Amino acid sequence: MSEISFRPLTPITGAEVEGVDLAAALKPDVVADLREALLRYKVLVFREQPMNDAQHVALTDALGGATAAHPIVNGLREEPAVLRTALSEDRPGLAQSAGGLGLPLDGTAPRRLRTEWHIDSTFVANPTSITILRGVEIPPTGGDTLFANLEALYAGLSPSLRGYLDTLQAIHSRNNPARTPRFDGKPGGPFVALHPLVRVHPETGVRSLFVSAVFLQAIRGLKPRESTALLDFLLDELAGRDEIHARVRWEQDTLVMWDNRAVAHAGPVDGLMFDEERIVHRTTVVGDLPSGPDGFVSRSLKGDLFEALV
Ligand SMILES: [Fe+2]
């Protein structure tokens, strides 16, 4: 056993982790401990982890293999696995975009939490398994990230409804193709994927509700009004059940990794409510094809799988 210790953030989701230097080459027992902890806590928060982008990618490779930064958006020229997000670049468009924060504070904003929750890259057939996000420039306050435990979300529904959801699939898509060609020459969208609505975790076998407010378009086989009504209910549960949420406050050199197969996330929760810059760097670990309780396996309807960089 390594010397890592875990302090839970909430009874069921997230933990602060101490006793590991993530910039160093990780020994196999440390990697095994971290992967096991990810299955248990789903969100791991590490403080004071200064590192460069190459070390961030090395950590990602150790945990299972880095993908390119994003299926559509190019990463850094010198580290193509790293996606840089600067809030100052996003702010002008945020208030207008469908997934935007919807501020200013004049009371006309939509219910933001309902529209921001997502699981990374579910528009590809094999969404990334782990996301690793690093605070590079962090404001003194603001910019927190929210997480929701999708296994608890599923478990909290009635057995009758769970049984019905187990049989369904949903269409996830992202149709705005890349503005600039991908470094690797592959097509940058559009992407459409068909996923089970309930996902069986490939390592633990635990079921979770595989719902996203951003990329999930419709439930297959239902009439449009039925699909909308059911998704509205499920997304209200996702956004409204405080007991399944964990909120992470960022600091400079905070690193957060999460199991993208078991949690959804939303954030930065208040990106238009402060003026300071906020820069985060992200990498992702390659994922497998999700499968449902009935054996349904995700498939691509449009676009390639999202493979590991080699
Ligand atoms: Fe995300």
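Across the chain, C-alpha contacts under 8 Å between residues 6 or more apart give a mean separation that, scaled by the residue count, equals a relative contact order of 32 percent. Rolling a 1.4 Å probe across the protein heavy atoms gives the chain an accessible surface of 44 Å² per residue. Annotation: peptides 9-16, 190-197, ranked by per-residue average of other Cβ atoms within 10 Å with the highest first, follow the order 190-197, 9-16. The stretch 287-310 and the stretch 170-239 have Cα centres spaced 12 Å apart.
With the charge dipole of the chain set up from +1 on Lys and Arg Cβ and -1 on Asp and Glu Cβ about the Cα centre, the Cα lying farthest toward the positive end among the listed residues F210, M273, V285 is that of F210. Computed from backbone phi with θ = phi - 60° and the Karplus coefficients 6.51, -1.76 and 1.60, the 3J(HN,Hα) list for the stretch 14-22 is x, 8, 7, 10, 10, x, 9, 9, 6 Hz; x is used for glycine and proline. Other residues within the sphere of radius under 15 Å centred on the Cβ of G295, judged by their own Cβ, net out at 0 (K and R +1, D and E -1).
Could you tally the net charge around N52, taking each other residue with its Cβ under 12 Å from the Cβ of N52, Lys/Arg +1 and Asp/Glu -1? Result for the neighbourhood of N52: -3. Take the alpha carbon gyration tensor of the chain, find the square roots of its eigenvalues, order them as a ≥ b ≥ c, and report rounded if a/c is under 1.5; if not, report prolate when a/b exceeds b/c, else oblate. Rounded shape, in that the Cα axes give a/c under 1.5. Along the stretch 276-282 the Karplus relation, 6.51 cos²θ - 1.76 cosθ + 1.60 evaluated at θ = phi - 60°, assigns HN-Hα couplings of 6, 6, 9, 10, 10, 10, 10 Hz to successive residues, with x for each Gly and Pro. Using the Karplus relation 6.51 cos²θ - 1.76 cosθ + 1.60 with θ = phi - 60°, the per-residue 3J(HN,Hα) values for the stretch 246-254 come to 9, 10, 10, 9, 8, 9, 3, 6, 6 Hz, with x marking Gly and Pro. Ordering 251-258, 236-243 by mean Cβ neighbour count within 10 Å, with the highest value first, yields 251-258, 236-243. Between E137 and R7, the modelled labels are 3.0 nm apart [label points 7 Å from Cα along Cα→Cβ]. Would you mind counting up the charge near E137? Only other residues with Cβ under 12 Å from its Cβ, with Lys and Arg at +1 and Asp and Glu at -1. For residues surrounding E137, the net value is -1.
For the pair K27 and N175, what calculated FRET efficiency results from E = 1/(1 + (r/R0)^6), where r is the Cβ-Cβ distance and R0 = 41 Å, to the nearest 0.05?
Once rounded, the FRET efficiency stands at 0.40.
Accessible surface of K223, taken over heavy atoms with a 1.4 Å probe and every protein chain present, rounds to 140 Å².
Rounded if a/c is under 1.5, else prolate if a/b is larger than b/c, else oblate: which is the stretch 148-263, with a ≥ b ≥ c the root eigenvalues of its Cα gyration tensor? Cα axes put the stretch 148-263 in the oblate bin.
The values are calculated or read from the model by the stated rules, or taken from the named source; none is laboratory data. Only a predicted model underlies this, so the values are computations on that prediction, with no experimental measurement involved. Here the Cβ is made from the backbone with ideal geometry for all residues, glycine too, and neighbour counts use every protein chain on show. These accessible areas exclude ligands, DNA and RNA; they are computed on the full protein's heavy atoms, side chains included. Shrake-Rupley method; radii C 1.70, N 1.55, O 1.52, S 1.80 Å.
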